[in-house]
Structures are given as C-alpha cells and as structure tokens.
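The values are calculated or read from the model by the stated rules, or taken from the named source; none is laboratory data. Bear in mind that the values here come from a model prediction, so they are computed numbers and not experimental data. Please note: Cβ atoms are built from the backbone with ideal geometry, for glycine as well, and neighbour counts cover all protein chains shown.
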Ligand SMILES: Nc1nc2c(ncn2[C@@H]2O[C@H](COP(=O)(O)OP(=O)(O)OP(=O)(O)O)[C@@H](O)[C@H]2O)c(=O)[nH]1
C-alpha cells in the first residue's frame, strides 16, 4: 500500500463507530490527520472550523443525511472546493447520482477497501492541486490584466484615450495654456437616453453605437492638438487647446451637425429617431487657480444643465446668452454669446 504523497487533514462523518475506527486506523497508518464526527451537524461544525482537505461522508445518518451535509458544506465554502467522497452500504445508480448532485465528488462502498480508499484520496488530492494551480493562475491573470488596464492609455471599447490618459493630457494642455496665456476648451458630452438604447437594442448593439460615436468624435478633431477620449460609460471628453469661446461653439455646432447627419438610429429615444448628444463646455485662459478638477467640474455642471433643459444641446456657463440670440444664431445650441 502506498502512502499519499503529502499528509492530508481528512474529516470522517459517519454515525457508525466501527466504520470511523477502521477508517481512522487506516488513514493514521499512512500519516494523515483525521477528524471524526458522528453526526451531520458535528461534521458541518468541524468542516467550518478546520477546513479539511478531504471529507469522507456517510450517506445514511440519523437526522440530516450525507446529501444534506454535502450541500451545506458547499454553501459554507463559496468559491472553494473541498473534495467530498460519499460512503454507503449500497451501490445503486440512484445513490451515486444523488451523491454527485448534492455536491459530492466520488463514492465508496462500505466496507471500504484500503487500496481503493488510498487511490481515490490520491486522485482527489491531484484534482485539488490542479484546481489550486488554476485558481492561483486566474488570480495572477486578473491582477496582470488590471495592471495592464491601469498602465494602458487606450479605452478598450472605442480605441480613444481612456480617462487616465485624458486627465494627464488635460493637465499638460492646462499647463501649456497657462504658460502661453491661451484659451483652453474642455467639452464633456454624453449620449442621450443611452440606458433606453441598451434596454431596447441590447448591450452588444450599445457597444457598437458607442464605437460609432467615438469614431465621429475622433473625426471632428481636425486640428492636431484637439483630442477626444472616453471619459467613462457613455460619456466622452474633448480637449480643444487654443480654442476660445467662439471657436468652442463653432466646434459644438459642427459636432451636432455631424451626429445629426450620421443618423445613427436610436430604438427608443424621446428626443427623436436618431442618436443625439448633450454637451457641457467650459473655456478659460487658465491662471494659477485653474485646475483639471475645476475644469471637469465646470464642464460637468454645464452638461447637467444641457441635460436638464431638454438634451440634444450643448451648454456653456461662459457663453450664457439669451434664448433669442441662441435660437437665431445657433439653432439648438444653448449659450454662446460671442466674446
Ligand atoms: N453598451 C454599453 N452601455 C454602457 C457602457 N457604459 C455605460 N453604459 C450604459 O449607459 C447607460 C447610461 O444610463 P444613464 O446614466 O441613466 O443615462 P442615459 O440613459 O443616457 O440618460 P441621460 O444621460 O439622462 O440622457 C447605462 O445603462 C449604462 O449601463 C458601455 O460600455 N457599453
């Protein structure tokens, strides 16, 4: 008889004293550590307390049976897996099926043959080791992916700059504009009623829609210094260096026109049959007190204003203009007295 390669902690749950004594003697002999329980409840308690490597479990016990205990053990180790081998007097197909269904991994018929017992323990140990390697590998993979994502500057869905890169770029442009005393514009825009889009067309179509919007935003960045990025979810940002209020408004008009002409169908928008955007614009010649956070906050407040006043429009606090001028000069654009 070969001993198991490494000593295991094995929990035996069996109300029959004779079975426990025989199994314990055999397992002790080859160096395993044995925990014994004479009832389902005590077995469950020892399982929770000591987290054994393997459980040998009687099927028939007074009170709760082995199937119940196995289900409780599985529930007590979410994400974990302790091999459970059932012990039974009978070897009916139904018994085996019930055992596996309730979370068991194998079946041994009593009286247990020592040779088969050790063989099964080794098999279970091998499985447990493989599973452990797999769990470790997938954790390492998850950590590596998170790190890659962190290091990356590209949004995986749209290919635009991601938020991290946008923040860095905005800081650079802010510093430059401050040094050169030039205006800087930040636009935050958001697809209108995008939840309804997802709900009606599904997430895959929603993703495709975001990719299309991203492409259009990229195309509107004609000047080399302009850049578009995905700020998060269905929100995009545009950084327009050396762009004064009037230029920002012209840009927003062109963007709205591009979106309108592209006529990307929206399956369930109260605004119209096609995708629309709302945007918040902020423009300033930065001084010492201007910060990236401040700019984003201001553009976000302007975006909120555009949303709450009907959507499908761009708004800028700096360009507050009366409604008349807005209507005559810029169609649906809100704000925009030329400086
Ligand atoms: N398909 C898809 N959906 C996304 C993604 N990121 C965010 N969303 C969805 O965008 C929706 C945004 O919903 P809300 O914030 O309620 O905004 P909204 O429905 O566009 O409404 P308004 O902005 O007020 O016009 C949510 O349903 C998000 O699940 C993405 O990467 N892909």
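Applying the set (1) without any contact (Cβ under 8 Å) to a residue 12 or more places away in the chain; (2) surrounded by fewer than 17 Cβ atoms within 10 Å (Cβ to Cβ) to residue 268 leaves exactly one unmet item: (1).
Confirm whether residue 227 is within 23 Å of residue 159 (Cα to Cα), within 16 Å of the ligand (Cβ to nearest atom), under 32 Å from the mean Cα position of the chain (by Cα) and in the same structural domain as residue 306 (by TED's automatic domain parsing). So residue 227 fails the test. Condition test on residue 168, is it more than 30 Å from residue 12 (Cβ to Cβ), within 16 Å of the ligand (Cβ to nearest atom), part of a helix (DSSP H, G or I) and not assigned by TED's automatic domain parsing to the domain that holds residue 82? No. Condition check for residue 188 on (1) under 23 Å from residue 271 (Cβ atoms); (2) more than 16 Å from the ligand (Cβ to nearest atom); (3) crowded, with 23+ Cβ neighbours inside 10 Å: one failure, at (2). Can you say whether residue 108 is closer than 26 Å to residue 25 by Cβ and in contact with a strand residue (DSSP E or B) (Cβ under 6 Å, 6 or more places away or on another chain), as far as the supplied structure shows? When the stated conditions are applied, residue 108 passes them. Residues that are surrounded by fewer than 17 Cβ atoms within 10 Å (Cβ to Cβ), modelled with pLDDT under 95 and in a helix (DSSP H, G or I) within the stretch 299-333 comprise 317, 323, 324, 325, 327, 328, 329, listed in sequence order. Here residue 237 passes the criteria (1) more than 28 Å from the chain's Cα centre (by Cα); (2) within 16 Å of the ligand (Cβ to nearest atom) except the one numbered (1). Looking across the stretch 117-164, the residues that are more than 16 Å from the ligand (Cβ to nearest atom) and touching a residue at least 40 places away in the same chain (Cβ under 8 Å) come down to 117, 118, 121, 122, 124, 125, 127, 128, 131.
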